[in-house]
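Notes follow the structure.
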Amino acid sequence: MLKFVIMKSVYLLFLLIGLTACVESKESRLQKFLIKGNNEISNKNFDRGIVYYKEAIRMDPCFTEGLNNLGTALFQQGKFDQALTRYQEAINCDPDYLPTFYNRANTYYELKEYFSALKDLERIEASRPDTAIVYFIKGLVHTKLRNFDLAKTSFENAFKLEPDNVEFLVNLANVKYYLKDYDGAIADLNSTIKLDPSEANIYNTLALIAIDQNELEEALKQVNKALELVPNEPYFMNNRGYIYLVQNKLEAAVEDINASLSADPENGWAYRNKGVYYLMKEDYSNAERLLTQANEMESFIDKIHFYLGMAYFKNGKQALACEQFLLSEEAGDGMLTTDLIKMCQ
């Protein structure tokens, strides 16, 4: 699986305090609370930062900057639903405050509300068409929607505006990988190496390209480079586990996959790979359970419908198997044999 390089940036508004009299104005007090909150958030003291933001909002329920920064503090804690509420309040107070639209788009992305994220990003793009990060996030959203050509255009637009940005170029290469433009992806990754050879995602993507080209030793070499740079990274361990599956090194595979799941139990791709492991071990009941879980967690997972179809087929559930095989064909997996196609006709 690809680990897309996602910039988790959200806008915190930093204001200066300008006092010209002994008695503080309401605006000055609001700014003071905002700065205190920002300082606490910068030091990862989220609860204390939130107290300051809420104090400012109590003074002025439509203090847009305070609502925005409160949303950001909640976002950084992974409280996306609560963050979304605060961003919506900020936008209600000031429909022209663009930083909150960007933050809300980021939050929609985390909540997998991709079309809502696109609407916010298009709102910003209409006013600020030269904002590279907006094109970058649009690229991530289109990738999740499997609109790879649109994602490619978005990443290209971002990279044109910031031609030294490693994250933009790696993600452009990732989309080219999904489009099976391996030469284009490799060229972009080689360019990225010149910009920053320490970017581990370069070697992860090179490993995936090598898998598709059936160059398993090269794939193992590249994913091990990624793991040397970022040891125990769950996406990379899971990919190495998949390489071991393809090599039929099942015990090495399940060791990496289990380590990946332990580090990140929300990774649907690792559940897919463990399901494939059970398919290969002919434990079809566990295979179906894990592959079903993977499919429910993330619809974007590559070849999930084929593997789930095989689990259903092996468990004697032909109708369910054929439903999954049809989805596999629609996704362009190219995995079905002639016998399986005939069975489902």
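The values are calculated or read from the model by the stated rules, or taken from the named source; none is laboratory data. Small disclaimer: the values here were computed from a predicted structure and weren't measured. Because the Cβ atoms are built from the backbone with ideal geometry, glycine has one as well, and the counts that use them run over all protein chains shown.
Residues considered: Glu110, Glu162, Glu89. Of these, the only one that is more than 24 Å from Glu266 (Cβ to Cβ) and in the same structural domain as Phe46 (by TED's automatic domain parsing) is Glu89. Residue pairs whose Cβ atoms lie under 6 Å apart, separated by 6 or more positions or on different chains, with the first residue in region 177-198 and more than 22 Å from Glu228 (Cβ to Cβ) and the second assigned to a helix (DSSP H, G or I), are Tyr178/Phe148; Leu179/Phe148; Tyr182/Ile209; Gly184/Lys176.
When region 189-202 is examined, which residues are found to be surrounded by fewer than 24 Cβ atoms within 10 Å (Cβ to Cβ) and in a helix (DSSP H, G or I)? Within region 189-202, Asn190, Ser191, Thr192, Ile193, Lys194, Leu195, Ala200 meet the criteria.
In the condition set (1) assigned by TED's automatic domain parsing to the domain that holds Leu227; (2) within 21 Å of Tyr244 (Cα to Cα); (3) outside any loop (DSSP other than H, G, I, E, B), Ala311 is compliant with all but (1).
Pairs linking a residue in region 56-67 that is surrounded by fewer than 19 Cβ atoms within 10 Å (Cβ to Cβ) to a residue that is charged (D, E, K, R), with Cβ atoms under 8 Å and 6 or more positions apart or on different chains, are Met59/Lys26; Met59/Arg29; Asp60/Lys26; Cys62/Asp94.
Take the conditions at pLDDT below 95 and not in a loop (DSSP other than H, G, I, E, B) and apply them to Glu167. Does it pass? Step through it out loud before you land on a result.
Numbers: at pLDDT below 95: yes; not in a loop (DSSP other than H, G, I, E, B): yes.
Here the answer is yes, as Glu167 does meet what is asked.
Taken over region 299-345, the criterion of being closer than 17 Å to Tyr271 by Cβ and either in contact (Cβ under 8 Å) with a residue 60 or more places away in the chain or acidic (Asp, Glu) (or both) is satisfied by Phe300, Ile301, Asp302. Against the test of being in contact (Cβ under 8 Å) with a residue 40 or more places away in the chain and either surrounded by 17 or more Cβ atoms within 10 Å (Cβ to Cβ) or within 25 Å of Leu227 (Cα to Cα) (or both), the options Asn165, Asn174 yield a single qualifying residue, Asn174. Looking at the structure I just gave you, is Asp339 assigned to a helix (DSSP H, G or I), at pLDDT below 95 and either out of contact with any helix residue (DSSP H, G or I) (no Cβ under 9 Å at 6 or more places or on another chain) or surrounded by fewer than 21 Cβ atoms within 10 Å (Cβ to Cβ) (or both)? Yes; evaluated as a whole, the condition is true for this residue.
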